[in-house]
Amino acid sequence: MELLVASAIGFLTAGGIYLLLRLRTFPVILGISLLTYAVNVFLFTTGRLTIGAPPILRDGVETYADPLPQALVLTAIVISFGMTAVVVMIGLGAFLGSDDDHVDDQTEQDEAEANT
């Protein structure tokens with residue numbers, strides 16, 4: 001089970017980094033989302049992988065799930081939704097302002113230097 005979760009975290013991270021290195025706005029937004037999912041799964045697994053264990057200590061219970069990573073993941077999910085909304089609005093504003101969705105647009109000075 002741990003190998004499967006670790007592999008999923010690795011694939012999410014690799015896919016997120018690959019998409020972040022693209023030169024278009026939409027793949028960059030998807031890459032950021034994949035990286036936040038990878039971090040969320042990583043945070044969730046820091047509390048050990050237990051199935052059917054209660055999150056609170058009780059009498060007679062030997063194994064329990066740590067509630068702190070669950071609270072951290074809930075907070076990270078809310079933050080990632082807000083961050084994704086901000087990045088989408090910035091990308092939309094850049095697209096509407098220049099009619100192009102390249103992430104690394106050249107400035108007018110760079111274009112003038114390239115033409116000479």
Which FRET efficiency, nearest 0.05, do residue 46 and residue 96 yield, Cβ-Cβ r, R0 41 Å?
-> 0.50
Amide H partners (placed H, <5 Å) of residue 24, local residues excluded | 103
Whenever you get a sec, compute what percent of the accessible area on the stretch 2-115 sits on carbon and sulfur atoms (1.4 Å probe).
-> 68 percent
Across the stretch 78-88, in residue order, what do the Karplus-derived ³J(HN,Hα) couplings come to in whole Hz, using 6.51 cos²θ - 1.76 cosθ + 1.60 with θ = phi - 60° and x for Gly and Pro?
-> 5, 5, 5, 4, x, 5, 5, 4, 5, 5, 4
Contact order relative to length for the chain, counting C-alpha pairs under 8 Å separated by 6 or more residues, stands in percent at 23 percent
Only Lys, Arg, Asp and Glu count, each charged at its Cβ (+1, +1, -1, -1), so figure out the dipole size of the stretch 2-115 about its Cα centre, rounded to 20 debye.
-> 780 debye
Can you work out the accessible area per residue across the chain, with the rest of the protein chains kept in place, probe 1.4 Å, in square angstrom?
-> 74 Å²
Here the equivalent ellipsoid of the chain, derived from its Cα gyration tensor, has semi-axes (largest first, whole Å) of 43, 15, 8
What list of ³J(HN,Hα) values in whole Hz, one per residue of the stretch 69-76 in order, does the Karplus curve 6.51 cos²θ - 1.76 cosθ + 1.60 (θ = phi - 60°) give from phi, with Gly and Pro shown as x?
-> x, 5, 5, 5, 5, 4, 5, 5
Whole-Hz Karplus couplings 3J(HN,Hα) for the stretch 48-60, θ = phi - 60° and coefficients 6.51, -1.76, 1.60, Gly and Pro as x, run 6, 8, 10, 10, x, 9, x, x, 10, 5, 9, 5, x
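The values are calculated or read from the model by the stated rules, or taken from the named source; none is laboratory data. Model, not experiment: these values are computed from the prediction. Cβ: placed from backbone, ideal geometry, glycine included. Neighbour counts: every protein chain shown. Note: areas computed on protein heavy atoms with side chains; ligands, DNA, RNA excluded. Shrake-Rupley method; radii C 1.70, N 1.55, O 1.52, S 1.80 Å.
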